[in-house]
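What follows is a single structure, written as structure tokens, with notes after it.
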4 protein chains.
Amino acid sequence: MSRKYRVGILGATGMVGQRFIELLVDHPQFEVTAVAASDRSQGKTFGEACTWRLNGEMPTAVRTLPVQPPAPPLDCDLVFSSLPGEIARETEGSFAAAGYPVISNSSAFRMDEDVPLLIPEVNHEHIGLLEQQRGKYAKGGFIVTNPNCSTIMIALALAPLHAAFGIDACVATTLQALSGAGYPGVASLDIIDNVLPFIGGEEEKIEAETVKILGRFNESRIEPAPMAVSAQCHRVNVADGHMAAVRVKFARKPSLENLRDALTDFRSLPQELGLHTAPAAPIAIRDEENRPQPKLDRDAGRGMTVTVGRIKPDSVLDYRFVALSHNTIRGAAGAAILNAELLVALGRL
Amino acid sequence: MSRKYRVGILGATGMVGQRFIELLVDHPQFEVTAVAASDRSQGKTFGEACTWRLNGEMPTAVRTLPVQPPAPPLDCDLVFSSLPGEIARETEGSFAAAGYPVISNSSAFRMDEDVPLLIPEVNHEHIGLLEQQRGKYAKGGFIVTNPNCSTIMIALALAPLHAAFGIDACVATTLQALSGAGYPGVASLDIIDNVLPFIGGEEEKIEAETVKILGRFNESRIEPAPMAVSAQCHRVNVADGHMAAVRVKFARKPSLENLRDALTDFRSLPQELGLHTAPAAPIAIRDEENRPQPKLDRDAGRGMTVTVGRIKPDSVLDYRFVALSHNTIRGAAGAAILNAELLVALGRL
Amino acid sequence: MSRKYRVGILGATGMVGQRFIELLVDHPQFEVTAVAASDRSQGKTFGEACTWRLNGEMPTAVRTLPVQPPAPPLDCDLVFSSLPGEIARETEGSFAAAGYPVISNSSAFRMDEDVPLLIPEVNHEHIGLLEQQRGKYAKGGFIVTNPNCSTIMIALALAPLHAAFGIDACVATTLQALSGAGYPGVASLDIIDNVLPFIGGEEEKIEAETVKILGRFNESRIEPAPMAVSAQCHRVNVADGHMAAVRVKFARKPSLENLRDALTDFRSLPQELGLHTAPAAPIAIRDEENRPQPKLDRDAGRGMTVTVGRIKPDSVLDYRFVALSHNTIRGAAGAAILNAELLVALGRL
Amino acid sequence: MSRKYRVGILGATGMVGQRFIELLVDHPQFEVTAVAASDRSQGKTFGEACTWRLNGEMPTAVRTLPVQPPAPPLDCDLVFSSLPGEIARETEGSFAAAGYPVISNSSAFRMDEDVPLLIPEVNHEHIGLLEQQRGKYAKGGFIVTNPNCSTIMIALALAPLHAAFGIDACVATTLQALSGAGYPGVASLDIIDNVLPFIGGEEEKIEAETVKILGRFNESRIEPAPMAVSAQCHRVNVADGHMAAVRVKFARKPSLENLRDALTDFRSLPQELGLHTAPAAPIAIRDEENRPQPKLDRDAGRGMTVTVGRIKPDSVLDYRFVALSHNTIRGAAGAAILNAELLVALGRL
């Protein structure tokens, strides 16, 4: 490739925005040329406007970029968006209308009929939905989304099982990290010595998105996967790393060994294509009785691997296990970047 | 009542032992006259041997009691036991054999065929099992146990639902507090910024104990409740207060309103008898979308009420909700004391 | 007393406002008749507007009170104020001008020459400053303040030592609780697995307020105590309970025993008058090597006692110790209420 | 260098032992050839015996090493030791007597007159003390120690200031991380929502070690630095990263600018020699008002840089600042490895 794609970050000062910037340092295909935010940071440089909240220092290259309003035009070839829900729909739509590919982590368009809700290892063929957007946005703009941070982890773990054995029902109970709420997000007084059994909209998102992701693309639209999904969501006192206790009922119940093999052997198009952000294995199994743990496993595969442990027969459904992944990498910024890498590889960018 | 029962505490220096002592201060029916512990504290006074880990000061009355070995004879009419599993079976058995009523929080005898696994609001008729112990222990000794700290909360919430509508299946996912592991218990380095998806033996206990508790006493033994129970257990960074995300499938699916009413209206023998430690309502419903929370709800009913919230239809089973209770009060010391109060009221002590 | 004083709470929905309400339930001299807040909660009842963040339930009596704007007139005899700094000066001034006694926890007026910065056990004679306010506010209004939450603890521990031995210098390093920042206050992502070595304005407040509090009232103004005070402040991951590591250099260095006696024997006017909120002993000494601790000692004296431990000779100054008290009770709402009780007892209300 | 030194790790399964192993992966001069531990892990391979508690996976190379008793002979050229205090003195002495260079992180020998208490940037000339050990240990064995984890940070920050301006007194108040207590170390129930104002022996170590480290080597022994040091130590709920609030009184009080320059410009022999583990700058200054923070700054210089912030004039001593460093890297394993690298560079190994 002769030159890098120039990318703009919408919502650049937020937690996911900062992850975008961190993950794009030295990326072989993308370079950040524009940063936009809807808050009062406009008019300042990014170095002035943004308090860097990730480990290490703010990357040098973005410090002098001016923070711009999140509206076209921006000096870039495509945008990554992690805007708050309330403004995402209008803003992302206006970028698509102005001809920009929009690779969005926001929830605004995820459930739209003509928008791919993409996990490259799981449903890369859903990219075909982009044909449905052609008439909508002039100038070649389009919108691709990635799922909710918990949904990605759950759907990724379910994908090889659904492909091999058919899933009838999935019961997922999450223990989610603080960074999923953004910054400032959860007040410390609410979470010290505590658990919050509620995350606004989360249970509904997991239940709806999972069946779209695992659905079949029939060349014009997505037929939702014929499975029931139940989600109960909790916020726990962990900085990064979402966990889900998952039970699964199968159409064709596999042996424990076959189930393990399906998870362990899972590879898909991103691995075949050698996409930069794709982990060697999308799913890693830990056999210790007390794994996965957020602190020990969230950075597996540089944050892109879903770690699965405690695989057991279940007395109500068929099997159960515990899944864990990094919610702002595999669950947000890394997910969107992998989506963009797939679009490049498939000639869609 | 002319005089108080004199009680000995086995495992008095542990977390649950200290709760026993705290809850028995000024108790109208019991007074602590002996303390025993298996550790190196024997030969000292309780004030010297025990580092008090509950809020406030160690009660004055126990400070000068000598710490004795956990073996009969002890200067008391009955014993409360919270000994570690490995020594509980032999020790509790020897006390029963020596003629002491043993009111145990340990797991050793819970699943024995002739031992009541008692929650006074749920299965007080299981006390009838004590007839089966008559031949076993000379001199009037016997053993009554209370369930595991998570099981109590789950079984108590299920009891009125099972009575009214019949439960076919229950899926419970727990988020459990640190005090459940005793002291020193969980290392701080293991739980800061972390969740542990494993508690030794806990899932098995919840699955086995629940069907015994909700089983029917046919005048000679317990017929386990014909329901499937699935448990996944996690340790979270909370001091006190176990939480369980629960889904239930019914034989006769109720309306949401009838389900709520069954929980809200639940009263049982302890309430009718006005037992000292019995809460006015065994179950309290919170309607806020983000309740129950350990920090806000664990002390409901002085730690004896199970708080239930987030009652919703479930897309895989029939309904779901979140339950919470204080694991060392309703889930341990308070449970045993309520058992003893019931035995007194029924003339068994 | 034939009837209770009717009090209004300014900033009633905040953390300290809620403590005021909690501490005034069943108070023998005060009843809450008005609540005011500067936020968007006006027009609602207090029950609707306020999310109760303390343990237990919102007191029934205040639920139906309308939340009013923080401006006179309010239906009350006096106001307790815990308004944010930016609006406190104008608002409290307008209440005083309208004839209300203002018992303020805000920082706005603390360092004003004619305003008592009052800790009843320490400098009750500073109430004489109110004569200086007579010309200022018509209709009998006046302003009395209590110190910053850390200052109160430090000044209270220093007071008997300064009286007995003269303090030349004090070096205080604080470890402060999250509730001191109000709600939502500190973001959870900022404090999990972390310490913040900065609290805006805190070091300056401790250094300036301490010498005013310990100063001498010469019948017209306060002569600051002739001592140097150094403060370094840190926020730690604790819900309630400020701690300070304190070193002291004396004009007349006492023996360790005399120093201990001065702290232990300290009693003052509130104890003599038997004020409702006054603890039996303002200062309690713990001799265990690992006390005081926030979790174990913050509720001493129902949150009004300062616990002191680890008293040792110091190799740079003369002595050192660690002090701890409840920052929203002795350090805020309880402090203001004790101030009001003293004013009642002295016939100033 | 033609071949690597073969090193044995004493206390290999502990927190510091694991850091040794992590930091020695791919080290250009050392390779781990033996692991020893005093616990029940002997007879197993390291992979079987040790639960890896650092991020990532246990390094492959050590997995198959047998865990041996901590007694000579071991298959290595020198030993790194982080044994518990009680057994360190005898064990380390026996290794030295057997001819091994002992690079120790334990406290046992630190204050011995003939043992260097070494921070390579601060007192590399103290290595001359090794001449005093010649008669003591046959076969060329000797003992070099590094200071306590808090002392290193404090002494390193003081060193350039003492050299330039002379320090008369230092008052240090620490907020220390959990990993400093090893594993299992601090019980989670003791630190959740809490601070512990006591760490056994810590205050004494800081006060005694600092004056030895900053003392002058007169070719036969160390003359302690003529300064008073006061330490108060606290354990806070942080995994890694010790913090110290420091005040300093100078013999020749510098301007704030000169003080900053002395810290910023500090370089020493390890930087000149380009030692592998030496950071580019031993001390980094952060100018933000809320830095240093454990979470953000502990990994500065790969854990070997001390970060200093909040430099201000002090009203009791002359200046104050806050220092932070990684307690198991710069404060323990990294410190010992840097000591060993210096010994290699100076031809002492």
(request) Please list, ordered by first then second residue, the pairs with beta carbon atoms under 9 Å, 6 or more apart or interchain, first in the stretch B:1-25 and in contact (Cβ under 8 Å) with a residue 40 or more places away in the chain and on the phi > 0 side of the Ramachandran plot, second outside any loop (DSSP other than H, G, I, E, B) and among the acidic types (Asp, Glu). (result) none
(message) Can you say whether residue C:244 is in a strand (DSSP E or B), outside the structural domain of residue C:340 (by TED's automatic domain parsing), touching a strand residue (DSSP E or B) at 6+ places or on another chain (Cβ under 7 Å) and within 27 Å of residue C:129 (Cβ to Cβ), as far as the supplied structure shows?
(response) yes
(request) Give me a count of the residues in the stretch A:80-92 that are out of contact with any Asp or Glu (no Cβ under 8 Å at 6 or more places or on another chain) and either touching a residue at least 12 places away in the same chain (Cβ under 8 Å) or at positive phi (or both). (result) 9
(request) Could you identify the single residue in C:74, C:117, C:130 that is touching a strand residue (DSSP E or B) at 6+ places or on another chain (Cβ under 6 Å), touching a residue at least 60 places away in the same chain (Cβ under 8 Å), under 22 Å from residue C:206 (Cα atoms) and surrounded by 15 or more Cβ atoms within 10 Å (Cβ to Cβ)? (result) C:117
(request) Scan the stretch D:166-223 for residues that are away from chain B (no Cβ under 14 Å) and part of a loop (DSSP other than H, G, I, E, B) and jot them down. (result) D:166, D:197, D:200, D:201, D:214, D:215, D:218, D:219, D:220, D:221
(message) Need the failing condition index for residue B:253 against (1) touching a Leu at 6+ places or on another chain (Cβ under 6 Å); (2) at pLDDT 95 or above, just the number.
(response) (1)
(message) Looking at A:284, A:278, can you tell me which residue is over 23 Å from residue A:4 (Cβ atoms), touching a residue at least 12 places away in the same chain (Cβ under 8 Å) and small (Gly, Ala, Ser)?
(response) A:284
(message) Go through (1) within 14 Å of chain D (Cβ to nearest Cβ); (2) closer than 20 Å to residue A:191 by Cα; (3) touching a residue at least 24 places away in the same chain (Cβ under 8 Å) for residue B:243 and report which single condition fails.
(response) (1)
(request) Could you grab me the full set of residues in the stretch B:283-293 that are crowded, with 23+ Cβ neighbours inside 10 Å and over 17 Å from the mean Cα position of the chain (by Cα)? (result) B:292, B:293
(request) Return the total of residues in the stretch C:252-266 being touching a residue at least 40 places away in the same chain (Cβ under 8 Å) and part of a loop (DSSP other than H, G, I, E, B). (result) 5
(message) Suppose we filter A:299, A:287 for residues that are under 27 Å from residue A:28 (Cβ atoms), within 14 Å of another protein chain (Cβ to nearest Cβ) and out of contact with any Ser or Thr (no Cβ under 8 Å at 6 or more places or on another chain); which single one remains?
(response) A:299
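Please give the helices (runs of 4 or more DSSP H) falling wholly within the stretch A:1-97 in which 1 or more residues are modelled with pLDDT of 95 or more and touching a Phe, Trp or Tyr at 6+ places or on another chain (Cβ under 9 Å).
Passing ranges, in order: A:15-24, A:60-63, A:85-97.
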(request) Scan A:159, A:164 and give me the residue that is within 18 Å of the chain's Cα centre (by Cα) and either farther than 12 Å from residue A:213 by Cβ or touching a residue at least 40 places away in the same chain (Cβ under 8 Å) (or both). (result) A:159
(message) Among the listed residues B:103, B:152, identify the single one that is under 24 Å from residue A:315 (Cα atoms), among the β-branched types (Val, Ile, Thr) and surrounded by 23 or more Cβ atoms within 10 Å (Cβ to Cβ).
(response) B:152
(message) I'd like the full set of residues that are buried (at least 24 other Cβ atoms within 10 Å of the Cβ), of a type outside the set (D, E, K, R) and more than 18 Å from residue B:15 (Cα to Cα), limited to the stretch B:237-250.
(response) B:243, B:244, B:245, B:246, B:248
(message) Return the residues of the stretch C:137-157 that are at pLDDT below 95 and in a helix (DSSP H, G or I); say none if nothing qualifies.
(response) C:138, C:139, C:140
(request) Scan the stretch C:200-232 for residues that are over 17 Å from the mean Cα position of the chain (by Cα) and within 23 Å of residue C:187 (Cα to Cα) and jot them down. (result) C:200, C:232
(request) Keeping to the stretch C:45-66, report how many residues are touching a strand residue (DSSP E or B) at 6+ places or on another chain (Cβ under 9 Å), loosely packed, with under 14 Cβ neighbours inside 10 Å and away from chain B (no Cβ under 14 Å). (result) 1
(request) Report, by residue number, each residue of the stretch A:322-340 that is part of a helix (DSSP H, G or I) and either of a type in the set (Val, Ile, Thr) or in contact with a Cys (Cβ under 7 Å, 6 or more places away or on another chain) (or both). (result) A:329, A:331, A:332, A:337
(request) Specify the residue that is nearest to residue B:211 (Cα to Cα); the eligible residues are those in the stretch A:309-327 that are crowded, with 24+ Cβ neighbours inside 10 Å and away from chain B (no Cβ under 11 Å). (result) A:325
(message) Condition first: part of a strand (DSSP E or B) and either facing chain A (nearest Cβ under 7 Å) or among the acidic types (Asp, Glu) (or both). Now tell me which residues in the stretch B:224-237 satisfy that.
(response) B:228, B:229, B:230, B:232, B:234
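The values are calculated or read from the model by the stated rules, or taken from the named source; none is laboratory data. None of these values were measured; they are calculated from a predicted model. Here Cβ is always computed from backbone atoms with ideal geometry, including for glycine, and neighbour counts include all displayed protein chains.
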